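One structure below.
The values are calculated or read from the model by the stated rules, or taken from the named source; none is laboratory data. Treat the numbers as computed from the prediction; the structure is a model and nothing was measured. Don't worry about glycine lacking a Cβ; one is built from the backbone with ideal geometry, like all the others, and counts go over all protein chains shown.
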Amino acid sequence: MDHSLVCQRCGAHHDPGSYPRGCPNCRTAGEDGRLEVVMSDLDEVDFPSVDHSDRSMWRYRELLPLLGDEPITLGEGWTPVLDLDLGTPCPVHLKNETGNPTWSYKDRLNALLISNMTSLGHAHFVTSSTGNHGASTAAYATRAGAQETVVLLHPDADLPHQVQLRAYGAKVARASDSGRTALLRSLVEHGWYPSVNVTETYTGIPYTTEGYKTISFELVEQLETPPSVMICAIGAGDGLYGVWKGFRELASMGVIDEPPRMVGVQPAERPSVVRAFDRDALMVEPTPGPMPIATSTSGPSAGDHTLRALRESDGIALGIEREAIRDAIIATGRAGVFIEPASAMTVAAVGQLLKRDDLTPDDRVVCLGTGAGVKWPAKTGALIGEVPSVDDTVASLVNTLDIDPTAPERTTT
Ligand SMILES: [Zn+2]
């Protein structure tokens with residue numbers, strides 16, 4: 001489907017292209033303008049005519065702004081939706097994005113972005129990441145045959161991410177927040193293409209929100225009725241915004257009546273969007289604070305577009321405490337899924353909505369489980385605790401694990 005890139009600041013329309021620094025017109029005027037993909041003729045689309053034989057996000061390729069003939073794909077998307085029993089008056093589901101090729105929802109972003117940028121001739125990629133995004137960029141760039149990918153990692157990035165990145169052949173280095181920003185901008189000046197924002201005011205990169213739309217498309221196919229409440233963790237905000245944009249486009253196509261209420265969650269230590277939302281501010285200001293356990297959402301700020309998604313959907317922003325994250329990791333683990341701390345915030349938010357009396361029996365809630373817990377052993381281990389050792393006797397095992405060794409018949413309550 002045809003599309004254009006529309007500046008959200010000055011309103012200029014631009015042809016499809018790379019634009020790593022946002023709107024060129026705004027840039028000439030010394031400002032930063034975010035470019036948003038606007039699809040043509042959405043109201044003429046017959047949504048059910050997706051390619052049902054394709055069990056990836058590319059079943060919706062007619063609804064995506066793909067520039068080349070064929071996407072670079074590792075089979076991302078079409079992830080499972082699971083029920084969660086959290087004691088709510090309404091159904092709660094987990095969209096389990098840990099099933100993606102690099103074990104996070106970033107694969108939807110990178111599959112489309114790297115496909116588009118390689119089709120435009122880019123062969124050198126650089127990014128800055130706490131782990132998930134860098135790993136995903138590296139996997140798709142190498143799959144696309146890129147000449148080189150440099151990933152600048154957050155100092156707190158856990159070992160699995162470091163190893164994973166090297167397995168994909170990326171050049172990896174750890175650096176401070178300020179160091180990563182400066183190094184990223186320097187390489188972009190030399191022609192490297194960034195898969196993250198490089199501008200002073202957050203503009204993001206065109207197309208980064210578009211892959212996330214497929215989460216919304218899948219949910220309306222997978223659920224009996226579309227969600228009325230959609231809970232997403234906020235890092236830079238592109239994930240939440242992309243999911244909301246997907247629902248908005250479904251409404252334009254007449255598939256749903258209106259988008260769900262968007263609930264954005266952030267670590268309580270660095271609640272930049274929560275603060276801006278509560279104060280009715282137009283811009284998100286940096287909110288430094290102690291390093292949260294939810295590393296992948298630890299940035300001190302986020303894009304202003306996040307506020308638009310929350311307000312236009314009659315949503316809300318919530319800060320999540322460390323203890324609630326721990327409880328949510330365990331609750332989700334009991335449902336058979338091990339999610340990372342940032343994803344667990346979405347499950348923890350359900351408890352807050354309950355306390356606020358914000359859920360009714362008519363609601364249907366979806367928590368977006370963005371990434372896998374196994375990638376963060378230091379963080380999740382600190383929350384859940386170490387495994388004890390036992391000696392070779394059954395008595396030692398029984399005492400340490402508090403089990404009945406006779407395996408009595410299952411009791412029913
Ligand atoms: Zn502009």
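Go through the stretch 241-279 residue by residue and tally those that are within 16 Å of T209 (Cβ to Cβ) and not in a helix (DSSP H, G or I). Summing the residues that are within 16 Å of T209 (Cβ to Cβ) and not in a helix (DSSP H, G or I) in the stretch 241-279 gives 3. Can you name every residue in the stretch 147-169 that is within 19 Å of the chain's Cα centre (by Cα) and outside any strand (DSSP E or B)? Matches in the stretch 147-169: H154, D156, A157, D158, P160, H161, Q164, L165. Taking the condition in contact (Cβ under 8 Å) with a residue 60 or more places away in the chain and in contact with an Asp or Glu (Cβ under 9 Å, 6 or more places away or on another chain), does S272 pass? So S272 does not fit the description; no. Which condition from (1) under 17 Å from N110 (Cβ atoms); (2) over 12 Å from the mean Cα position of the chain (by Cα) is the one that Y212 breaks? With (1) under 17 Å from N110 (Cβ atoms); (2) over 12 Å from the mean Cα position of the chain (by Cα) applied to Y212, the lone miss is (2).
Scanning the stretch 1-41 for residues that are part of a loop (DSSP other than H, G, I, E, B), within 10 Å of the ligand (Cβ to nearest atom), within 23 Å of L63 (Cα to Cα) and among the hydrophobic types (A, V, I, L, M, F, W, C) yields one hit, A12. Out of Y212, Y207, one residue alone is closer than 30 Å to L354 by Cα and either crowded, with 22+ Cβ neighbours inside 10 Å or among the small types (G, A, S) (or both). It is Y212.
Within the group P65, P48, which residue is assigned to a loop (DSSP other than H, G, I, E, B), touching a His at 6+ places or on another chain (Cβ under 6 Å) and away from the ligand (no atom under 16 Å from the Cβ)? Give the steps one after another, and end with the answer.
Values: P48 fails: touching a His at 6+ places or on another chain (Cβ under 6 Å).
After ruling out the rest, the residue left standing is P65.
Inspect all residues belonging to the stretch 199-211 and state whether any of them is of a type in the set (D, E), modelled with pLDDT of 95 or more and in a helix (DSSP H, G or I). Among the residues of the stretch 199-211, not one is of a type in the set (D, E), modelled with pLDDT of 95 or more and in a helix (DSSP H, G or I), which makes the answer no.
Results for (1) under 18 Å from the mean Cα position of the chain (by Cα); (2) under 21 Å from G87 (Cβ atoms), shown as yes or no for each residue.
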residue	(1), (2)
R334	no, yes
E340	yes, no
R356	no, yes
L359	no, yes
C367	yes, yes
T380	no, no
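Restricting attention to the stretch 361-413, the residues being polar (S, T, N, Q), closer than 22 Å to M291 by Cβ and assigned to a helix (DSSP H, G or I) number 1.
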